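Enquirer: Here's a structure for you.
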Amino acid sequence: MAPLTSAQFTVRVLVNSTDRGNDTPTRNEQSARKIARRLINSRQSERAEERSPARVAAAASEQLYRELARWVGADGCHALFTRALAQARLDYPALAQIQLHARSEPYVDGVAETIMAHGDPATAEALESMLVRLVELLGRLIGDDMASKLIERSQAGPERGDAPSGIKREEA
């Protein structure tokens, strides 16, 4: 049997861990929501007068994708985001038009169309929900503490988010 690539391993772990159901989540949704809101709020300070809440949430998703891809690889990060989007779509039909494009700019596409169809508040809430699901998935995959640290480093950016000793970072 051939060894698994990091993306295949990530997908296999995600599928297996989410198939168990939501009986015992490793991170409660309230804590994951706080982390997601912190991510979004960190983006609001940048030209806040020019951006709607949904566009700010999309920008936070874009930044998190770019930074997490440096740590878990572009394919593994895309698998996480894709799974989070699929889970969030179950509760937020506004996400039906949102598309994720790995290794592309923009990574999160369809935001303008979703705002037009569902309104800015509903789109912002739906994108925040996707980030909440992502935090929960990442916590299940690598542990809540490590997930929090990686997300904190993503907020710091590449200049302050260098890998701690002993951890190799994969470049996208």
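The values are calculated or read from the model by the stated rules, or taken from the named source; none is laboratory data. These numbers come from a predicted model, not from an experiment. When we count neighbours, we look across all protein chains shown, and the Cβ atoms used for this are built from the backbone with ideal geometry, even at glycine.
Enquirer: Quick test for you: out of Ala117, Ala102, pick the one residue that is assigned to a loop (DSSP other than H, G, I, E, B), touching a helix residue (DSSP H, G or I) at 6+ places or on another chain (Cβ under 7 Å) and farther than 20 Å from Ser31 by Cα.
Expert: Working: Ala117 fails: assigned to a loop (DSSP other than H, G, I, E, B).
Only one candidate qualifies: Ala102.
Enquirer: State which residue is surrounded by the most Cβ atoms within 10 Å (Cβ to Cβ) when the search covers only segment 44-60 and only residues that are free of Cβ contacts under 8 Å to residues at least 24 places away in the same chain and under 16 Å from Val111 (Cα atoms).
Expert: Out of the qualifying residues, it is Ala59.
Enquirer: Let me ask you something else. Enumerate the pairs (first residue in segment 139-167 and modelled with pLDDT of 50 or more; second residue anywhere and basic (Lys, Arg) and not in a helix (DSSP H, G or I)) with beta-carbon separation below 7 Å, excluding pairs fewer than 6 apart on the same chain, so at least 6 apart or on different chains.
Expert: Partner pairs satisfying both residue conditions: Gly139/Arg27; Asp144/Arg27.
Enquirer: Identify, by number, the condition in (1) free of Cβ contacts under 8 Å to residues at least 60 places away in the same chain; (2) under 19 Å from Ser42 (Cβ atoms) that Gln63 doesn't meet.
Expert: The failed condition is (1).
Enquirer: Out of segment 80-92, which residues are surrounded by fewer than 18 Cβ atoms within 10 Å (Cβ to Cβ) and touching a residue at least 24 places away in the same chain (Cβ under 8 Å)?
Expert: Correct list: Asp91 only.
Enquirer: Would you be able to tell me the number of residues in segment 100-128 that are crowded, with 16+ Cβ neighbours inside 10 Å, more than 11 Å from Ala57 (Cβ to Cβ), in contact with a strand residue (DSSP E or B) (Cβ under 8 Å, 6 or more places away or on another chain) and not small (Gly, Ala, Ser)?
Expert: 3
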